[in-house]
Amino acid sequence: MAAQQVPDILSPEFAANPYPAYRAMRESAPLIWHEPTQSYLLSRYADVERAFKDKESRYTTDNYAWQVEPVHGRTILQLSGREHAVRRALVAPAFRGSDLQQKFLPVIERNARELIDTFRHRGETDLVGSFATRFPVNVIAEMLGLDRADHDRFHGWYTSVIAFLGNLTRDPEVTAAGERTRVEFAEYLFPVIRQRREKPGDDLLSTLCAAEVDGVRMSDEDIKAFCSLLLAAGGETTDKAIAGLFANLLAHPEQFEAVREDRSLIDRAFAETLRYTPPVHMIMRQTAAEVTVSGGTIPAGATVTCLIGAANRDAQRYREPERFDIFRDDLTTTTAFSAAADHLAFALGRHFCVGALLARAEVETAVNQLLDALPDMRLADGFTPAEQGVFTRGPATLPIRFTPSAG
């Protein structure tokens with residue numbers, strides 16, 4: 001099949017179901033020059049893995065200057081070398097080890113419980129609207145010590161930011177809304193940052209204000225950019241991961257039953273969801289030198305769109321890749337939430353997702369609490385889950401039924 005016959009990534013056909021197009025790309029057009037986005041599309045696992053892990057710095061994150069900076073400001077994603085290492089060292093401790101366990105796990109558990117209590121007595125709910133879209137944003141807002149009463153504003157902001165990042169058609173209204181969000185978020189957060197510098201609390205925002213590595217501290221702008229990134233990346237992706245995990249399990253009742261009976265399988269279900277229906281389908285890089293990939297060469301200075309959704313279903317890497325199987329033995333669960341992961345949903349290498357362990361803690365807590373509260377959860381009659389989105393993707397709604405419980 002020639003590249004021309006592969007459905008375009010901006011077509012309605014692709015948006016409805018990208019997986020057949022991904023397969024066609026991997027098999028017959030592993031390198032496509034895509035005129036509308038002015039980028040090269042990579043679809044094979046080996047090529048995408050090499051782009052993320054690249055040790056020779058041939059693939060950079062310079063593209064974030066135009067892709068991310070207009071909405072977030074200059075974030076850790078764009079940085080490289082020593083600057084990146086120092087910033088990452090400033091923020092990383094909050095997302096692993098004792099801080100995550102002692103300070104933030106209680107926040108995660110309480111937020112999950114409070115949301116479930118709003119619908120557990122009803123016998124039915126939309127798991128996306130009532131839980132998945134709210135839970136991660138509430139957690140991040142509380143971690144940062146922001147007012148959860150502003151939840152709807154946070155949600156509005158991160159929705160417009162994600163729309164901006166995925167604005168592959170360069171829609172001017174989407175661009176304007178994203179840029180407006182940057183201004184509004186800065187006006188909201190700068191006074192809070194000033195307050196925390198004067199009177200630090202026990203929250204993550206205060207920690208970021210005080211953090212120092214080799215005499216370097218984060219500026220107000222650095223902190224604002226990181227919080228903006230955290231709300232968007234931590235909100236949208238975990239939201240879609242939780243919805244996707246339940247959609248996948250509910251569509252495979254034997255696997256759902258296995259997880260309900262043995263909660264140690266939650267990690268497997270999450271890792272397989274990240275492989276099979278990743279929340280982020282595309283991550284861009286920019287070439288610093290000419291690179292050779294399957295299907296040809298990419299010149300220096302080019303934008304490369306790494307198709308995670310395609311690479312994660314590469315038959316050269318996974319057996320029966322189009323099958324959701326939490327028991328597969330070619331996906332390593334023990335490393336699935338570290339930079340040694342063998343799926344690509346968190347990227348890999350230096351820019352491996354700093355929030356991976358936070359996401360894991362959130363998903364583990366959410367799945368455990370939902371299964372405890374709604375043990376006979378099932379899809380609403382006649383409902384088949386459908387994913388939406390191109391850049392990020394997940395079920396738009398997930399109506400479920402269950403026996404009401406008082407808690």
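The values are calculated or read from the model by the stated rules, or taken from the named source; none is laboratory data. Small disclaimer: the values here were computed from a predicted structure and weren't measured. All Cβ positions, even for glycine, are placed from backbone atoms using ideal geometry, and neighbour counts span all protein chains on display. Note: areas computed on protein heavy atoms with side chains; ligands, DNA, RNA excluded. Shrake-Rupley method; radii C 1.70, N 1.55, O 1.52, S 1.80 Å.
See the values below:
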{"read-out": "Phe337 within 23 Å of Phe164 (Cα to Cα), of a type in the set (Phe, Trp, Tyr) and either in contact with a helix residue (DSSP H, G or I) (Cβ under 9 Å, 6 or more places away or on another chain) or not in a strand (DSSP E or B) (or both)", "value": "no"}
{"read-out": "Enumeration of residues in segment 35-66 that are open to solvent by less than 10 Å² (accessible area, probe 1.4 Å), under 15 Å from Gly301 (Cα atoms) and not hydroxyl-bearing (Ser, Thr, Tyr)", "value": "Leu41, Ala51, Asn63"}
{"read-out": "Residue tally, condition assigned to a loop (DSSP other than H, G, I, E, B) and out of contact with any strand residue (DSSP E or B) (no Cβ under 7 Å at 6 or more places or on another chain), over segment 341-388", "value": "16"}
{"read-out": "Residue check for Pro404: closer than 29 Å to Ser11 by Cβ and either modelled with pLDDT of 95 or more or open to solvent by 60 Å² or more (accessible area, probe 1.4 Å) (or both)", "value": "no"}
{"read-out": "Complete set of residues in segment 14-34 that are among the aliphatic types (A, V, I, L, M) and part of a strand (DSSP E or B)", "value": "Leu31, Ile32"}
{"read-out": "Total residues in segment 222-281, condition open to solvent by 20 Å² or more (accessible area, probe 1.4 Å) and among the acidic types (Asp, Glu)", "value": "6"}
{"read-out": "Residue list for segment 254-274, restricted to those being of a type in the set (Lys, Arg) and closer than 17 Å to Pro375 by Cβ", "value": "Arg260, Arg263"}
{"read-out": "Inter-residue pairs, beta-carbon under 9 Å, first under 11 Å from Phe391 (Cβ atoms) and modelled with pLDDT under 90 and in segment 148-177, second assigned to a helix (DSSP H, G or I) and among the polar types (S, T, N, Q), 6+ apart", "value": "Phe164/Gln67; Phe164/Thr175; Phe164/Thr181; Leu165/Gln67; Asn167/Thr175"}
{"read-out": "Out of Phe131, Phe119, sole residue that is in a helix (DSSP H, G or I), open to solvent by less than 10 Å² (accessible area, probe 1.4 Å) and touching a strand residue (DSSP E or B) at 6+ places or on another chain (Cβ under 8 Å)", "value": "Phe131"}
{"read-out": "So Arg319, is it over 20 Å from Thr238 (Cβ atoms) and either surrounded by fewer than 20 Cβ atoms within 10 Å (Cβ to Cβ) or touching a strand residue (DSSP E or B) at 6+ places or on another chain (Cβ under 7 Å) (or both)", "value": "yes"}
